[in-house]
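Here the structure comes first, spelled out in structure tokens, and everything after it is commentary.
The values are calculated or read from the model by the stated rules, or taken from the named source; none is laboratory data. Everything numeric in this text was worked out from a predicted model, so none of it was measured. Glycine gets a Cβ as well: all are built from the backbone with ideal geometry, and neighbour counts include every protein chain shown. For the accessible areas, the whole protein counts, side chains as well, though only heavy atoms, and no ligand, DNA or RNA atoms are used. Shrake-Rupley method; radii C 1.70, N 1.55, O 1.52, S 1.80 Å.
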Amino acid sequence: MNNKFDNRDSYSRWARRTILVLMSITSGNAKKWEIELATLKSNNLRLTAALQESTANVDEWKRQLHQYREEVARARQYAGKGGDANEVEQMRQRIAQLEAELAQKNEELAQTMKSKKSEQDAEAKMAHSQLELALAAKDGQRQVVQELNNRLSRQIEELSTIHREINTALQT
């Protein structure tokens with residue numbers, strides 16, 4: 001038996017208080033994990049919304065590209081009919097301008113998608129590592145509480161045995 005305790009009863013009280021403190025700490029950690037999970041879910045929703053917005057932009061750019069291509073086709077058809085040289089040159093310039101805009105928008109889209117993907121990957125890795133740490137801490141605390149519970153159980157059983165022996169001695 002541990003020398004710092006006067007008797008088994010005070011040890012049992014100490015063990016119970018210790019278990020209650022550990023359970024309180026575990027409960028506090030669980031609340032922190034729930035808050036962290038809620039934050040990660042919120043961030044995920046925000047990133048999903050941004051990705052949907054980017055997708056909408058892609059759809060708009062595709063629509064514009066289709067319009068530009070139709071305009072280019074009309075310009076080529078017009079140029080093929082021998083239109084005014086000045087008008088043909090203007091159409092060529094407009095086509096070049098539209099193609100440059102399209103290339104720029106494609107580059108913007110690629111950068112946006114890459115950035116969003118990187119952010120999501122980083123947040124997912126961080127969330128995963130935090131979850132692993134939280135689970136490891138929870139397991140460690142569970143083992144401590146289990147060990148204390150086992151010790152308390154043994155002490156109670158010893159006290160029960162002593163109690164039976166005293167009753168037997170008193171009855172004889």
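Observations, loosely collected:
- Contact annotation: residue pairs with Cβ atoms under 9 Å, 6 or more positions apart or on different chains, pairing a residue in segment 102-125 that is within 22 Å of Leu37 (Cβ to Cβ) and among the hydrophobic types (A, V, I, L, M, F, W, C) with a partner that is open to solvent by 60 Å² or more (accessible area, probe 1.4 Å) and assigned to a helix (DSSP H, G or I), are Ala124/Asn44.
- Residue within segment 156-171 that is closer than 16 Å to Asn29 by Cα and modelled with pLDDT under 90 present: no
- Some residue of segment 102-109 being at pLDDT below 85, part of a helix (DSSP H, G or I), acidic (Asp, Glu) and out of contact with any Leu (no Cβ under 8 Å at 6 or more places or on another chain): no
- Test result for Glu119, of a type outside the set (S, T, N, Q), surrounded by 14 or more Cβ atoms within 10 Å (Cβ to Cβ) and in contact with a Leu (Cβ under 7 Å, 6 or more places away or on another chain): yes
- Residue within segment 28-42 that is small (Gly, Ala, Ser), assigned to a helix (DSSP H, G or I), in contact with a helix residue (DSSP H, G or I) (Cβ under 9 Å, 6 or more places away or on another chain) and loosely packed, with under 14 Cβ neighbours inside 10 Å present: yes
- Residues considered: Ile156, Ile95. Of these, the only one that is in contact with a Ser or Thr (Cβ under 8 Å, 6 or more places away or on another chain) and assigned to a helix (DSSP H, G or I) is Ile156.
- Checked across segment 79-94, the condition of being out of contact with any helix residue (DSSP H, G or I) (no Cβ under 6 Å at 6 or more places or on another chain), open to solvent by 80 Å² or more (accessible area, probe 1.4 Å) and touching a residue at least 24 places away in the same chain (Cβ under 8 Å) holds for no residue.
- Candidate set from segment 12-31 (those that are in contact (Cβ under 8 Å) with a residue 24 or more places away in the chain and within 25 Å of Leu131 (Cα to Cα)); member that is farthest from the chain's Cα centre (by Cα): Ile19
- Test result for Leu133, out of contact with any Phe, Trp or Tyr (no Cβ under 8 Å at 6 or more places or on another chain), open to solvent by less than 90 Å² (accessible area, probe 1.4 Å) and within 21 Å of Ser27 (Cα to Cα): no
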